[in-house]
Amino acid sequence: MTNISVVIVSYNTVHLLADCLESVLTSEGVSLEVFVVENASRDESAALVRERFPCVRLIVNAGNRGFAAANNQALRECAGRYIVLLNPDTTVEPESLRTLVAFMEAHPEVGLAGPRVLNPDGTRQDSVSFRYPGERYGAVDIGDLPGKIACVMGACQIIAADLLRSLGGFDEDFFLYGEDQDLCLRIRQHGKEIGVVNDAAIRHHGGQSERETLPEEVVRKKVRAEYLFYRKHYRPETIERIRRRQRTRARWQLFLKRLLPASDRRKLAGYRVVLEETARV
């Protein structure tokens with residue numbers, strides 16, 4: 001039986017995809033199948049997979065369907081007991097997938113787990129969150145949840161296939177950003193904890209699919225994803241408290257940064273985006 005179905009959603013990451021696939025396919029001690037969902041990249045990602053990795057199951061989309069929907073496409077075809085959701089800008093250490101499976105087998109109370117995440121130079125990335133966006137104001141709305149970890153970075157996550165299917169997969173209203181936090185919250189609401197497996201490691205470049213996107217547009221996408229999360233999980237009065245707080249902070253930061261030298265004003269556009277987007281909520 002296939003232990004693991006690895007799902008990689010690719011978008012303009014051909015320069016890193018080969019290394020990612022090589023690391024997965026040379027993993028030790030696991031039986032696996034690998035899916036690449038190609039989200040209408042402008043590069044040669046699909047050709048790379050076809051030519052160099054014929055054993056990988058390639059799904060090519062005519063348009064960019066977003067991260068959540070692309071993962072769900074592959075989920076319908078996965079045969080593995082566990083699903084590993086992996087970003088194409090990562091490489092997996094040889095024994096990490098086996099270690100992740102062993103952890104999940106030994107910890108039935110855990111619904112989803114992530115490995116230790118490293119930068120390309122081997123230093124550690126911050127990959128664990130203990131609060132959800134806006135939880136400072138929305139803790140009462142969320143209620144008591146099992147475990148202490150809110151979410152682990154979506155660069156690499158392992159989850160039992162049956163659990164993911166029972167939850168309906170990812171919420172496809174999330175296009176990019178926020179879908180991992182939403183999934184982790186729903187898993188905890190289902191009675192399972194979120195875990196971290198420090199004995200397993202990946203290396204993560206980070207932000208590669210968005211490297212050609214203007215920074216303020218990345219901020220815009222993140223703010224919209226945040227408010228989708230809020231509308232789904234928080235009461236309207238909680239969302240309004242969050243909105244007021246964000247607008248006050250953005251105005252204050254815009255005022256302060258106007259007093260700084262031009263070289264230190266790089267975040268101005270991002271705060272303007274926050275004001276624009278929260279005005280529409």
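No lab work stands behind these numbers, since they all come straight from the coordinates. Quick caveat: nothing in here was measured; it's all calculated off a predicted structure. Methodologically, a virtual Cβ is constructed for each residue, glycine included, from the backbone with ideal geometry; neighbour enumeration extends over all protein chains shown.
Explain nothing, just the number: dipole magnitude of segment 128-281 about its Cα centre with +1 on each Lys and Arg Cβ and -1 on each Asp and Glu Cβ, in debye rounded to the nearest 20.
Working: 30 positive and 22 negative charges, 200 e Å.
About 960 debye.
Under 19 Å of direct C-alpha separation, and excluding same-chain neighbours fewer than eight residues apart, Lys232 reaches these lysines: Lys221, Lys222.
Please identify every one of the chymotrypsin sites (Phe, Trp or Tyr not before Pro) in segment 85-145 that sits in a loop by DSSP and has no more than 16 other beta carbons within 10 Å of its own beta carbon. When the chymotrypsin sites (Phe, Trp or Tyr not before Pro) of segment 85-145 are filtered for loop state and at most 16 Cβ neighbours within 10 Å, Phe130 remain.
Stretch Leu259-Arg280 to full length: gain in nm at 0.36 nm per residue minus the Cα-Cα span?
Details: separation 21, 0.36 × 21 = 7.56 nm, distance 2.78 nm.
Net length gain for the segment: 4.8 nm.
Over the chain, what is the mean sequence separation of C-alpha contacts under 8 Å (at least six apart), divided by residue count, expressed as relative contact order in percent? Write down the numbers at each step before the final one.
On the way: 506 pairs, mean separation 57.1, N = 281.
Taking the mean separation of contacting Cα pairs over the length of the chain, I get 20 percent.
If only the Cβ of Lys and Arg carry +1 and only the Cβ of Asp and Glu carry -1, the dipole of segment 11-90 around its Cα centre is close to 340 debye.
Relative to its Kirkwood radius, the Cα radius of gyration of the chain gives an Rg/Rh of 0.98. Close amide H pairs (under 5 Å, H built 1.01 Å from N) link Ala200 with Arg116, residues at least 5 positions away or on another chain.
Listed by chain and number, the aspartates and glutamates whose C-alpha is less than 15 Å from the C-alpha of Lys148, apart from same-chain residues fewer than 8 away, are Glu109, Glu135, Glu193. Can you tell me the orientation of helix 215-233 relative to the chain, as the angle in degrees between its alpha-carbon axis and the longest Cα principal axis, to the nearest 10? Helix 215-233 sits at roughly 90 degrees to that axis. Karplus-based coupling profile of segment 75-82, in residue order and whole Hz: 3, 5, 10, 6, 9, x, 5, 10, with θ = phi - 60° in 6.51 cos²θ - 1.76 cosθ + 1.60 and x standing for Gly or Pro.
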